Amino acid sequence: MTFSPLVDAAAKGLHDESSLIATPSQQLVLMHSTAASYRTVHDELHPPGGIDHRVQFYEDEDYLASAVADFLAGGLTIGQPGIVIATDAHRAAFAEHLESEGFDVEAEVRAGHLAMLDARTTLDQIMRDASPDPARFRTVIGGAIEAHFDADGADRPVVRLYGEMVDLLWRDGNTDASLRVEELWNALGDTYA
C-alpha cells in the first residue's frame with residue numbers, strides 16, 4: 001500500500017487524464033489545486049522516486065470541476081470514499097457535476113461516502129498563528145480519513161482526497177505555510193502507507 005497524491009495545478013496547459021486513476025494498492029489518493037507559480041517549488045519538493053506525486057493541469061474552472069467530479073465519481077462508483085477540502089464555489093461546482101453524472105451528493109454525504117469541507121475553515125482548524133500545526137493537521141485531516149476506516153482499522157479502503165489549502169495559502173502569500181502543508185500531506189501519507 002502506498003500513498004499516491006495527485007496534484008491539480010491551477011495553470012494553463014496540457015493535461016494527462018491518466019493521472020486521475022488510482023490503483024487498487026493505494027490507500028490515499030490526493031488531488032489538489034495549486035497556483036501556477038507553485039509548480040517549480042513543488043517539483044523541488046517532490047523529486048522523482050519516493051511518493052508518486054503528479055501534476056494535472058487544467059484550462060478553466062469548468063474543466064477543474066469536471067476533472068474533480070470524475071476523480072471522485074470514479075472512486076464512489078467502486079466504494080472508495082471521497083473527501084473534498086475546497087472553497088464554497090468549487091464545492092458547489094463539483095457537486096453540480098457529480099449530480100449531472102447521476103450521483104445524489106446529499107445522500108453520499110449523509111451516508112458518509114463523501115465529505116465536503118470548507119478549505120478556509122479547515123485551514124483555521126490546522127493553523128497556529130501563520131503556520132500549520134502538525135498535531136492539528138493529523139487530528140483534523142487524519143480524523144477525516146480515519147472516519148472511513150472500520151473500528152479496528154482492518155478495513156481501510158482507498159480514500160480519494162481533493163484539497164485547496166495549499167493553493168489558498170500560496171495565493172495569500174504565505175508560501176512557507178503552503179510548503180509546510182504540502183510536507184504534512186506527505187507525512188500523513190506515510191502514516192497510511
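Set Lys and Arg Cβ to +1 and Asp and Glu Cβ to -1, take the dipole of the stretch 74-119 about its Cα centre, and tell me which of Gly82, Phe103, Ala93 lies farthest positive.
Selected residue: Gly82.
What are the ³J(HN,Hα) values, in whole Hz, obtained from phi via the Karplus relation 6.51 cos²θ - 1.76 cosθ + 1.60 with θ = phi - 60°, for each residue of the stretch 93-101 in sequence order, with x given for Gly and Pro?
Per residue, the Karplus-derived 3J(HN,Hα) values read 5, 5, 4, 4, 5, 4, 4, 5, 8 Hz.
Along the Cα→Cβ direction, 7 angstrom out, place labels at Arg171 and Glu106. What is the inter-label distance in nm?
Result for the modelled spin labels: 2.8 nm.
Modelled label-to-label distance, Glu96 and Thr191, 7 Å Cα→beta-carbon offset: nm?
Inter-label distance under the simple model: 3.5 nm.
Provide the FRET efficiency to the nearest 0.05 for the Arg156-Asp129 pair, computing r from the beta carbons and using R0 = 35 Å. Walk me through the numbers on the way to the answer.
Working: r = 34 Å, r/R0 = 0.96.
Efficiency for this residue pair is about 0.55.
5 Å is the cut-off here: which amide hydrogens, built 1.01 Å from N in the peptide plane, fall below it relative to Val84, excluding neighbours closer than 5 in sequence?
Correct list: Ala115, Met116, Leu117, Tyr162.
Read the figures in this text as sums done on the coordinates, not as results from a lab. Here the structure is a predicted model, which means the values were calculated and not measured. Ideal geometry is used to build each Cβ from the backbone, glycine not excepted, and the neighbour counts take in all protein chains shown.
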